[in-house]
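Since the structure comes first, as structure tokens, the remarks are kept for the end.
The values are calculated or read from the model by the stated rules, or taken from the named source; none is laboratory data. These numbers were taken from a predicted model, which means no experiment stands behind them. Positions of Cβ are generated from backbone atoms using ideal geometry, with glycine treated the same way; all protein chains shown enter the neighbour counts. For accessibility, only protein heavy atoms count, side chains too; no ligands or nucleic acids. Shrake-Rupley method; radii C 1.70, N 1.55, O 1.52, S 1.80 Å.
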Amino acid sequence: MSLAASIISSTLNAGTPLLLAAAGIVIHEKSGVLNLGIEGIMLMGAVIGFSTTLATGSFALGFLAGAGVGLLLGLLFAFFTLGMHANQYAAGLALTLFGTGLSAFIGKPLQGQALSERAASCIPGLESIPFLGEAFFSQHFFVYGALILIAAVWWFLFRTRAGLILRAVGEAPQSAFALGFPVLKIRLLAVLFGAVCAGVAGAYLSLVYTPLWVEGMTAGRGWIALALVTFATWRPLRVVVGAYLFGGVTMLQFAFQGMGISISPQFMAMTPYLATILVLVLISRNPQWIRLNVPASLGKPFAPRS
């Protein structure tokens with residue numbers, strides 16, 4: 001029972017940064033913008049969040065700093081792709097390279113340092129419930145916040161007029177513009193939301209998941225989050241399944257160790273990425289399924305025509 005509760009708890013913890021990042025990706029991809037710079041933004045959010053908390057002792061300021069650097073990098077990406085009409089694929093890859101290099105440079109003096117205390121976790125009064133308390137109610141509040149966020153994203157996209165407009169911008173931007181909707185402004189707000197979510201996801205990694213800074217600590221989670229959104233066919237609630245599936249596979253190595261099963265740790269470390277590749281291969285076998293769900297203008301620049 002204790003092992004099962006620990007696996008569930010660890011799965012929720014491991015899936016949360018993916019869920020945070022994927023929630024933002026769903027929004028900006030639904031608007032027609034493809035940002036491949038999520039990995040770089042997460043790394044910058046991780047190093048800036050960690051350094052801020054290390055200097056101030058405040059986890060709240062660390063998360064705010066992670067969100068802030070995400071916002072700045074989102075503005076940088078939007079300047080080139082929405083303002084200068086640069087290729088979104090190239091701009092996103094450049095942002096990932098920029099974030100990876102800059103985070104390594106900023107984080108070099110932080111290597112080996114750890115936070116003096118852990119972020120507060122658990123729901124008071126519920127964490128003592130046998131099994132359920134350890135499995136579900138002993139988490140950092142961002143674990144529950146991520147679930148609320150993904151539910152809010154679903155409600156926004158499919159139950160509000162603003163969400164309908166956002167989806168229209170992603171499907172037919174010229175038509176939306178002809179109806180008087182500010183396409184570039186809507187896409188800008190969507191990009192900024194996605195970048196802030198990625199920054200917070202990175203901060204979660206360095207402040208809660210593993211409360212220290214290690215160069216490249218995202219370990220490809222930005223790319224995994226992008227793949228999850230495709231796997232979930234841009235449906236927010238399906239993203240939850242994908243995020244926790246990845247988290248569960250990540251925790252398998254610890255579960256096997258607890259059961260006394262000896263498997264190479266290197267093999268277990270690569271299983272989440274093998275699972276992601278396998279899912280993408282299976283999806284690519286049915287391209288029509290993707291075409292039916294992908295936003296029609298995803299990755300395509302928009303220039304207003306008078």
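So here's what we get for this one:
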{"quantity": "Tally, over segment 205-227, of residues that are in a loop (DSSP other than H, G, I, E, B) and either of a type in the set (A, V, I, L, M, F, W, C) or open to solvent by 10 Å² or more (accessible area, probe 1.4 Å) (or both)", "calculated": "9"}
{"quantity": "Residue within segment 20-41 that is closer than 19 Å to Gln139 by Cα and modelled with pLDDT of 95 or more present", "calculated": "yes"}
{"quantity": "Qualifying residue in segment 75-91 (condition: at pLDDT below 95 and of a type in the set (Phe, Trp, Tyr))", "calculated": "no"}
{"quantity": "In segment 152-162, the residues that are part of a helix (DSSP H, G or I) and farther than 19 Å from Leu34 by Cβ", "calculated": "Ala152, Trp154, Trp155, Phe156, Phe158, Arg159, Arg161, Ala162"}
{"quantity": "Filter result (closer than 25 Å to Ile224 by Cα, modelled with pLDDT of 70 or more and not aliphatic (A, V, I, L, M)) within segment 257-272", "calculated": "Ser264, Gln266, Phe267, Thr271, Pro272"}
{"quantity": "Residue list for segment 273-306, restricted to those being modelled with pLDDT under 70, open to solvent by less than 80 Å² (accessible area, probe 1.4 Å) and small (Gly, Ala, Ser)", "calculated": "Ser284"}
{"quantity": "Contacts under 9 angstrom Cβ, first residue in segment 215-233 being at positive phi, partner among the small types (Gly, Ala, Ser) and crowded, with 22+ Cβ neighbours inside 10 Å, 6 or more apart", "calculated": "Gly216/Ser103"}
{"quantity": "Any chance Leu43 is within 19 Å of Tyr209 (Cα to Cα), open to solvent by 20 Å² or more (accessible area, probe 1.4 Å) and assigned to a helix (DSSP H, G or I)", "calculated": "no"}
{"quantity": "All positions within segment 166-189 that are hydrophobic (A, V, I, L, M, F, W, C) and either in a loop (DSSP other than H, G, I, E, B) or surrounded by fewer than 14 Cβ atoms within 10 Å (Cβ to Cβ) (or both)", "calculated": "Ala172, Ala178, Leu179, Phe181"}
{"quantity": "Any hit, segment 100-115, residues being open to solvent by less than 10 Å² (accessible area, probe 1.4 Å), in a helix (DSSP H, G or I), at pLDDT 95 or above and hydroxyl-bearing (Ser, Thr, Tyr)", "calculated": "yes"}
{"quantity": "Unmet requirement for Leu36, which otherwise passes all of (1) farther than 15 Å from Thr100 by Cα; (2) within 13 Å of the chain's Cα centre (by Cα)", "calculated": "(1)"}
{"quantity": "Criterion: assigned to a helix (DSSP H, G or I) and at pLDDT below 90 - qualifying residue of Gly202, Gly248", "calculated": "Gly248"}
{"quantity": "Hits in segment 53-64 - residues which are assigned to a helix (DSSP H, G or I) and either surrounded by fewer than 24 Cβ atoms within 10 Å (Cβ to Cβ) or in contact with a Lys or Arg (Cβ under 6 Å, 6 or more places away or on another chain) (or both)", "calculated": "Leu54, Ala55, Thr56, Phe59, Ala60, Leu61, Phe63, Leu64"}
